[in-house]
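Peer 1: Okay, handing you the structure first.
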Amino acid sequence: TDVTKRNEAVKKAFELESALVSSGNIIYANMNGNITFVSEKVCKTSGYTAAELIGKSLKIFNSDYHPKSYFKTLWQTILKGKIWNGEIRNKRKDGTYFWIFGTIIPIKNTNGKVTHFINVRQDITELKDARLQKIREVIDAQEQEKESFAKELHDGLGQILLASKMNLNAIETE
């Protein structure tokens, strides 16, 4: 019975892995942060081939956007065996940037020691671009409002000053 249950569990694990790898941005990395496996979606998103990525450090995607402390905290978290989630700006092979939301899952052996990591990534570039566009629209609207206010203030103040000058000139002549 134990062997049957084990075989069923292994079969389910393979099915889950197959479904995950065929549909997602998945990277397996060893304890040193070197890539041991990438899904096709990672290759499409990054512009690299699997052969160009296997054996390379995850730093190959580094865009120099985040401070070193960001990645230090990430590594401290996953080396403790805890799951890390967050957004990272990555760099494609062609030098352009893309954003991912990653979940890095430490995989432990039967003794509870972390042996490697699975990085499940979601490309959020379009979402980040849409947010940035909305922010730009708000800033543009604020700038237009400021210009409109300044024009009204300038024109209104100019009329008041002109009227005051005319009144002062009239008083001066009297």
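Peer 1: Work out the length of the dipole vector of the chain about its Cα centre, built from +1 on the beta-carbon of each Lys and Arg and -1 on the beta-carbon of each Asp and Glu, and round it to the nearest 20 debye.
Peer 2: 1620 debye
Peer 1: Could you give me D for the chain, from Stokes-Einstein at 10 °C and 1.306 mPa s, where the hydrodynamic radius is the Kirkwood radius over C-alpha pairs? Units µm² s⁻¹, please.
Peer 2: 77 µm²/s
Peer 1: Counting only the heavy atoms of the protein chains, how much of residue 11 is accessible to a 1.4 Å probe, in Å² to the nearest 10?
Peer 2: 130 Å²
Peer 1: Taking a ≥ b ≥ c as the square roots of the eigenvalues of the Cα gyration tensor of the stretch 1-86, is the shape rounded (a/c under 1.5), prolate (a/b larger than b/c) or oblate? Numbers along the way, then the final one.
Peer 2: Values: a/c = 2.62, a/b = 1.55, b/c = 1.70.
Oblate.
Peer 1: Please work out the Cα center distance from the stretch 158-174 to the stretch 1-50, rounded to the nearest Å.
Peer 2: If we compute the Cα centre of each part, the gap is 83 Å.
Peer 1: If you line up the long axis of helix 2-23 against the longest principal axis of the chain, both from Cα atoms, how many degrees apart are they, to the nearest 10?
Peer 2: Between helix and principal axis, roughly 30 degrees.
Peer 1: Something else about it: Counting only the heavy atoms of the protein chains, how much of residue 162 is accessible to a 1.4 Å probe, in Å² to the nearest 10?
Peer 2: In the full protein context, residue 162 sits at about 100 Å².
Peer 1: Please find, in a Gaussian network model of the chain (springs between Cα atoms separated by less than 10 Å), the residue of 51, 130, 141 whose mean-square fluctuation is greatest.
Peer 2: Residue with maximal mean-square fluctuation among 51, 130, 141: 141.
Peer 1: Now for a separate question. From the protein chains alone at 1.4 Å, what is the descending order of accessible area for 12, 68, 56, largest first?
Peer 2: In descending accessible area the options line up as 68, 12, 56.
Peer 1: Helix 125-173 against the longest principal axis of the chain: what's the angle in degrees, Cα atoms only, rounded to the nearest 10?
Peer 2: That works out to roughly 10 degrees.
Peer 1: OK, next. In Å², and per residue, what accessible area does the chain have when probed at 1.4 Å with the other protein chains present?
Peer 2: Counting only protein heavy atoms, the per-residue value for the chain is 73 Å².
Peer 1: Continuing with the same structure: State the answer as a single residue: which of 62, 95, 158 lies farthest towards the positive end of the charge dipole of the chain, with beta carbon charges of +1 for Lys and Arg and -1 for Asp and Glu, about the Cα centre.
Peer 2: Of 62, 95, 158, it is 62.
Peer 1: Long-range amide H contacts for residue 97: which residues qualify at under 5 Å (H placed 1.01 Å from N, peptide plane, sequence gap of 5 or more or a different chain)?
Peer 2: Under 5 Å from the amide H of residue 97: 92.
Peer 1: All other residues with a Cβ under 15 Å from the Cβ of residue 9 taken together, and with Lys, Arg as +1 and Asp, Glu as -1, what is their net charge?
Peer 2: Local net charge: 0.
Peer 1: For the chain, modelled as a GNM with alpha-carbon contacts under 10 angstrom, which of 73, 125, 49 fluctuates the most?
Peer 2: Between 73, 125, 49, it is 73 that shows the largest mean-square fluctuation.
Peer 1: Sort 146, 41, 128 by heavy-atom solvent-accessible area, probe 1.4 angstrom, most to least.
Peer 2: Output order, biggest surface exposure first: 146, 41, 128.
Peer 1: Right, here's the next one. How far is it, in nm, from the label point at residue 167 to the one at residue 75 when both lie 7 Å from their Cα along the line to the Cβ?
Peer 2: 7.3 nm
Peer 1: Looking at the square roots a ≥ b ≥ c of the eigenvalues of the Cα gyration tensor of the stretch 86-174, which shape do they give, rounded for a/c under 1.5, prolate if a/b is larger than b/c, or oblate?
Peer 2: Since a/c reaches 1.5 and a/b is larger than b/c, the shape of the stretch 86-174 is classed as prolate.
Peer 1: Here is a further query. Determine the relative contact order of the chain: mean sequence separation of Cα pairs under 8 Å and six or more apart, normalised by residue count, in whole percent. Can you show the working numbers first?
Peer 2: Details: 206 pairs, mean separation 28.6, N = 174.
16 percent.
Peer 1: Step through the table entries 11/68; 12/41; 41/72; 5/59, compare each Cα-Cα distance with 29 Å, and write down the pairs that go over it.
Peer 2: Exceeds cut-off: 11/68; 5/59.
Peer 1: How much of the accessible area of the chain, in percent, comes from carbon and sulfur atoms when a 1.4 Å probe is used?
Peer 2: The computed percentage sits at 56.
Peer 1: Only Lys, Arg, Asp and Glu count, each charged at its Cβ (+1, +1, -1, -1), so figure out the dipole size of the stretch 1-104 about its Cα centre, rounded to 20 debye.
Peer 2: Dipole of the stretch 1-104, to the nearest 20 debye: 300 debye.
Peer 1: If amide H atoms are built 1.01 Å from N in the plane of the peptide, which residues on other chains or at least 5 residues away come under 5 Å of the amide H of residue 36?
Peer 2: Result for residue 36 returns 28, 29, 30, 55.
Peer 1: Residue-wise, which Karplus ³J(HN,Hα) couplings in Hz belong to the stretch 43-60, taking 6.51 cos²θ - 1.76 cosθ + 1.60, θ = phi - 60°, and x for glycine or proline?
Peer 2: Along the stretch 43-60, the couplings run 5, 4, 5, 8, x, 8, 8, 4, 4, 6, 9, 4, x, 8, 6, 4, 5, 4 Hz.
Peer 1: Starting from the Cα of residue 93, draw a straight line to each of the aspartates and glutamates and keep only those under 16 Å, dropping any in the same chain fewer than 8 residues away.
Peer 2: Partners within reach: 40, 52, 64, 123.
Peer 1: While we're on this one: Per-residue HN-Hα couplings for the stretch 91-96, Karplus 6.51 cos²θ - 1.76 cosθ + 1.60 at θ = phi - 60°, whole Hz, x for Gly and Pro?
Peer 2: So the J values, rounded to whole Hz, are 10, 7, 4, 7, x, 7.
Peer 1: Ok, one more. Tell me the accessible surface of residue 143 in square angstrom (1.4 angstrom probe, heavy atoms of protein chains only), to the nearest ten.
Peer 2: Here the residue's solvent-accessible area equals roughly 80 Å².
Peer 1: May I pose another question? List, in order, the whole-Hz ³J(HN,Hα) value for each residue of the stretch 103-115 obtained from phi through the Karplus relation with A = 6.51, B = -1.76, C = 1.60 and θ = phi - 60°; use x for Gly and Pro.
Peer 2: Computed from phi, the couplings for the stretch 103-115 are 10, 9, 10, x, 9, 10, 7, 5, 8, x, 8, 5, 10 Hz.
The values are calculated or read from the model by the stated rules, or taken from the named source; none is laboratory data. The model shown is predicted, which means the values in this text are computed figures rather than measured ones. Cβ atoms come from the backbone with ideal geometry, glycine included; neighbour counts cover every protein chain shown. For accessibility, only protein heavy atoms count, side chains too; no ligands or nucleic acids. Shrake-Rupley method; radii C 1.70, N 1.55, O 1.52, S 1.80 Å.
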